[in-house]
Each structure stands twice: as C-alpha cells, then as structure tokens.
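Here's the structure we're looking at; comments come further down.
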C-alpha cells in the first residue's frame, strides 16, 4: 500500500512538473502574437510582437494604462517586441549591428522615439533599462489614413518599417 501511494505521489509530481514546462499557447491570449518579416538589401528582418486591440479606448491616454505619450512602451503587448536582423543595418542613417534587440518606443503626438535595446527577452517594459539602449532614433508620427483596430507592424522590402494603431502611423527607414 505504501509503495502504491508513493508511486502515485511521484507520478503526480512528475505530471505537475511536465505541465509547468509546456510552452504556453500564446494564440489564446487577448493580444495574440504576430510577426513581421522582410528582406532589406539581402538582410532578413524579423519583428515578433503581440497585437493589442483598441476596443474603443484612447490608447495614447496619459493615465498610463495602455501606451501613454512620453513614456517607454513595449511596442505591443505581453513580452517586449523583438527586432532581429541577420546583418548590420542603418536605421534612419545610424548603424545598428546584426543581432536581436528589444524594440521599445516612446510615443508622442508629433514624433516617436524608436529604441533598440540589447535586452531582447523581457516582459513588457517593466525592467527596461535605458543604459542597455544600443540605438535611439526619432521619427515623425502622423494621422493614419484609416483606423487600425489591432496594433500592426509591417516591414516593406523597400526598407520602411511601419507601425499602425488606432489613428496613428509611424514609419522608420532601414538600409
């Protein structure tokens, strides 16, 4: 009897440990995962992010609830957005070495700061450290031609990376 109980206990712990080590199905999150890819001058760019939805909210609200102006934003939802390049690039004319970066932004009504941070894997922007920034560029923000419900990033082969959400559109150039 003791052997059977011990065996059952060991199996229960093994199952719990196995269940905890299974990867989470991110597609079931309210802000699902997305990927933007492109080739620019023979270099592959991959951006992995999660897509929050507007859901009737003021996403740029200064209260700090979603993506307030003037504050570092994870540029999506859930984990910080990552930007990976297979080769050295120039972003808005400034050098960005090949590698994988956390892609953060500081939204503003008229301009955004685009941030490439050497700490790629982190949850949100809670542990973001400015001292880990590899590159910062500032680009104009403009009113989008149409409303975008889900935050969307695209990479054009021409070298334009676009971020659209709500009624805002922001582009930056890579070569």
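Of all residue pairs spaced 6 or more apart or on separate chains, those with beta-carbon atoms under 9 Å, a first member in the stretch 42-61 that is on the phi > 0 side of the Ramachandran plot and in contact (Cβ under 8 Å) with a residue 40 or more places away in the chain and a second member that is outside any strand (DSSP E or B) and surrounded by fewer than 20 Cβ atoms within 10 Å (Cβ to Cβ) are 42/86; 42/87. Looking across 76, 87, one residue alone is on the phi > 0 side of the Ramachandran plot, outside any strand (DSSP E or B) and touching a residue at least 40 places away in the same chain (Cβ under 8 Å). It is 76. Every condition in (1) at pLDDT below 95; (2) loosely packed, with under 13 Cβ neighbours inside 10 Å; (3) closer than 20 Å to residue 136 by Cβ is met by residue 95 except one, and the failing one is (1).
Candidates are the residues of the stretch 105-119 that are surrounded by fewer than 19 Cβ atoms within 10 Å (Cβ to Cβ) and over 14 Å from residue 59 (Cα atoms); the one that is farthest from the chain's Cα centre (by Cα) is 110. Residue 141 meets each of the listed conditions (1) buried (at least 18 other Cβ atoms within 10 Å of the Cβ); (2) within 21 Å of residue 78 (Cα to Cα); (3) free of Cβ contacts under 8 Å to residues at least 60 places away in the same chain apart from (2). Screening residue 95 on (1) touching a residue at least 40 places away in the same chain (Cβ under 8 Å); (2) within 18 Å of residue 36 (Cβ to Cβ); (3) in a strand (DSSP E or B); (4) out of contact with any helix residue (DSSP H, G or I) (no Cβ under 9 Å at 6 or more places or on another chain) shows it passes everything except condition (2).
The values are calculated or read from the model by the stated rules, or taken from the named source; none is laboratory data. Since we're looking at a predicted model, the values are computed, not measured. Heads up, the Cβs are rebuilt from the backbone with ideal geometry, glycines too, and the neighbour counts pull from every protein chain shown.
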